[in-house]
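Trainee: The following block contains the structure, expressed as structure tokens.
The values are calculated or read from the model by the stated rules, or taken from the named source; none is laboratory data. Please read these numbers as outputs of a predicted model, since none were measured by experiment. Neighbour counts run over all protein chains shown; Cβ positions are idealised from the backbone, glycine included.
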Amino acid sequence: MRKKIFSRFSIILFVIGLMMAVQYNTINEPDSRDTRDVWEIRQELSVEKQLHSELLSEISQMDSTLEKYEAASEASPEQALKETVEELRSLAGLTEAAGPGIEVSIEPSPEAVALGQNIEGISPDLLIRFVNSVNSFNNLEVSIDGNRLVNTSAIRDINGKTTVNANPIQTPPFTAKIVAGSTEDAEKLYNYLLSSPLLDDFYIDDLVVTVSEPKDDMVVEAYDGEISYQHLKEAEGE
Amino acid sequence: MWLSVLGLLLGISLGLLTDMQIPPEYADYLSIAVLASLDTLFGGIRAHLQHMYDDKVFVSGFFFNIVLAAGLAFLGVHLGVDLYLAAIFAFGVRLFQNIAVIRRLLLAKWANKKEAGETLG
């Protein structure tokens, strides 16, 4: 009799355990299922891979700097430091940049001139759009009407005048100079700008963009203002 | 007694290892069924301790309670009344009562044993 009771209890307990486990499984299902398909995952993978290669190249660059330091530390540590400072200054846009590049001149459209329309300055929105689309290429040095674009450059409207680095831009015509890292890049940029829908955006504002053929000896002016470091502080010495 | 524990462990491990799942819409019914079965289980243990245990009552109560609770929940969903709350309340109260009775019975049993030991000693 006793045994029979326990066998009954065992069966019931088995069923209860099974039900509880199933309930547990159901409740603990992950909140959001991964519904990405293969292509989305591949795209994410390619983005990550690109990041990976960028990081690798950065590491190798750092390594070479380190090697240079080590090699030069015995001979003249000062020289190595000066070189690095110069490198950083050129990266920040504080020195002139020369190399293969193109010149973009922005002029009032002949139709507007023929009709005798008022020629107005370029709007900051359009200029920002132009700079952004050009910046989709890496390693470019850009100056607009003699104003070098650096990381802290602002293109904005000050009292009705479009300014770059707080310097007003001329009413068209004016030129923008772009130096690319290599001749190939300059050619790519040239072709990109020729076929860019951006030209239509300029035409809406009665402006015409002329892109010069890539030149090998383009020079972009240095940034002449002062870069203010409001939040940047010197690191504590080690 | 160990056989019962083994049964419970077997059921849990089988459920977890096979990774069985039910559609989330039915999770409510299953939870209420689990509650009903626990209620029946503790009722059975109490009856056993009170020497009132009946096989037929136990097994029929187990399945009937589960079906009734799930049926009530189903009806509640279709009528727009949260009837499953009634089932949860009823089973919950009974569960606590049963466990309280089991505790008292076990305590009384233990006290009896101790007394018997003392008188023997």
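Trainee: Within 14 Å of chain B (Cβ to nearest Cβ) and either part of a helix (DSSP H, G or I) or touching a residue at least 40 places away in the same chain (Cβ under 8 Å) (or both): which single residue out of A:4, A:82, A:49 fits that description?
Mentor: Working: A:82 fails: within 14 Å of chain B (Cβ to nearest Cβ); A:49 fails: within 14 Å of chain B (Cβ to nearest Cβ).
Result of the check over A:4, A:82, A:49: A:4.
Trainee: Oh, and also: Please work out which residue is nearest to the other protein chains (Cβ to nearest Cβ), limiting yourself to segment B:30-62 and to residues that are more than 16 Å from residue B:90 (Cβ to Cβ) and hydroxyl-bearing (Ser, Thr, Tyr).
Mentor: Out of the qualifying residues, it is B:53.
Trainee: Additional query: Taking segment B:66-121 on its own, how many of its residues are of a type in the set (D, E, K, R) and farther than 20 Å from residue B:46 by Cα?
Mentor: Step one: list which residues in segment B:66-121 are of a type in the set (D, E, K, R), which gives B:82, B:94, B:103-104, B:109, B:113-115, B:118.
This time we only want the ones that are farther than 20 Å from residue B:46 by Cα, so: B:82, B:114-115, B:118.
Within segment B:66-121, residues that are of a type in the set (D, E, K, R) and farther than 20 Å from residue B:46 by Cα number 4.
Trainee: Here's another thing I want to ask about it. Kindly provide the set of residues from segment A:138-150 that are more than 24 Å from residue A:119 (Cα to Cα) and either assigned to a strand (DSSP E or B) or of a type outside the set (A, V, I, L, M) (or both), ordered by number.
Mentor: Those that are more than 24 Å from residue A:119 (Cα to Cα) and either assigned to a strand (DSSP E or B) or of a type outside the set (A, V, I, L, M) (or both): A:138, A:139, A:141, A:142, A:148.
Trainee: Working carefully through the options A:169, A:178, A:158, find the one that is β-branched (Val, Ile, Thr) and under 22 Å from residue A:215 (Cα atoms). Show your work before the answer.
Mentor: On the way: A:169 fails: under 22 Å from residue A:215 (Cα atoms); A:158 fails: under 22 Å from residue A:215 (Cα atoms).
Just one listed residue meets the conditions, A:178.
Trainee: While we're here: Where the second residue is basic (Lys, Arg) and modelled with pLDDT under 90 and the first is surrounded by 18 or more Cβ atoms within 10 Å (Cβ to Cβ) and lies in segment B:31-60, which pairs have Cβ atoms under 8 Å and are six or more apart or on separate chains?
Mentor: That search, which allows pairs on different chains as well, returns B:58/A:8.
Trainee: Another one. If residue B:64 satisfies every condition in (1) out of contact with any helix residue (DSSP H, G or I) (no Cβ under 6 Å at 6 or more places or on another chain); (2) of a type in the set (Phe, Trp, Tyr); (3) farther than 25 Å from residue A:9 by Cβ but one, which is the exception?
Mentor: Of (1) out of contact with any helix residue (DSSP H, G or I) (no Cβ under 6 Å at 6 or more places or on another chain); (2) of a type in the set (Phe, Trp, Tyr); (3) farther than 25 Å from residue A:9 by Cβ, only one is false for residue B:64: (3).
Trainee: Could you list all residues from segment B:10-29 that are more than 7 Å from chain A (Cβ to nearest Cβ) and hydrophobic (A, V, I, L, M, F, W, C)? Steps first, please.
Mentor: Filtering segment B:10-29 down to residues more than 7 Å from chain A (Cβ to nearest Cβ) leaves B:13, B:17-18, B:23, B:25-26, B:28-29.
Listed by number, the list holds a single entry, B:17.
Trainee: Taking residue B:66, is it crowded, with 20+ Cβ neighbours inside 10 Å, out of contact with any His (no Cβ under 8 Å at 6 or more places or on another chain), within 12 Å of another protein chain (Cβ to nearest Cβ) and not polar (S, T, N, Q)? Before the answer, list the steps.
Mentor: On the way: crowded, with 20+ Cβ neighbours inside 10 Å: yes; out of contact with any His (no Cβ under 8 Å at 6 or more places or on another chain): yes; within 12 Å of another protein chain (Cβ to nearest Cβ): yes; not polar (S, T, N, Q): yes.
Yes; evaluated as a whole, the condition is true for this residue.
Trainee: For segment B:81-103, check the following and say yes or no: at least one residue is surrounded by 15 or more Cβ atoms within 10 Å (Cβ to Cβ), touching a helix residue (DSSP H, G or I) at 6+ places or on another chain (Cβ under 7 Å) and of a type in the set (Gly, Ala, Ser).
Mentor: From segment B:81-103, those surrounded by 15 or more Cβ atoms within 10 Å (Cβ to Cβ) are B:83-84, B:87-88, B:90-91, B:94-95, B:98, B:101-102; that's our starting set.
Subset that is touching a helix residue (DSSP H, G or I) at 6+ places or on another chain (Cβ under 7 Å): B:83-84, B:87-88, B:91, B:94-95, B:98, B:101-102.
Of the ones still in play, those that are also of a type in the set (Gly, Ala, Ser) are B:87.
Within segment B:81-103, one or more residues are surrounded by 15 or more Cβ atoms within 10 Å (Cβ to Cβ), touching a helix residue (DSSP H, G or I) at 6+ places or on another chain (Cβ under 7 Å) and of a type in the set (Gly, Ala, Ser).
Trainee: Given the residues A:65, A:35, which is the only one that is more than 14 Å from chain B (Cβ to nearest Cβ), loosely packed, with under 15 Cβ neighbours inside 10 Å, closer than 30 Å to residue B:28 by Cβ and not acidic (Asp, Glu)?
Mentor: Details: A:65 fails: closer than 30 Å to residue B:28 by Cβ.
Going through A:65, A:35 in turn, just one is more than 14 Å from chain B (Cβ to nearest Cβ), loosely packed, with under 15 Cβ neighbours inside 10 Å, closer than 30 Å to residue B:28 by Cβ and not acidic (Asp, Glu): A:35.
Trainee: Does residue A:11 count as surrounded by 10 or more Cβ atoms within 10 Å (Cβ to Cβ) and touching a helix residue (DSSP H, G or I) at 6+ places or on another chain (Cβ under 8 Å)? Step through it out loud before you land on a result.
Mentor: Working: surrounded by 10 or more Cβ atoms within 10 Å (Cβ to Cβ): yes; touching a helix residue (DSSP H, G or I) at 6+ places or on another chain (Cβ under 8 Å): yes.
Yes: the conditions hold for residue A:11.
Trainee: Taking segment A:216-238 only, how many residues are in contact (Cβ under 8 Å) with a residue 60 or more places away in the chain and of a type outside the set (Ser, Thr, Tyr)?
Mentor: Number satisfying all stated conditions: 10.
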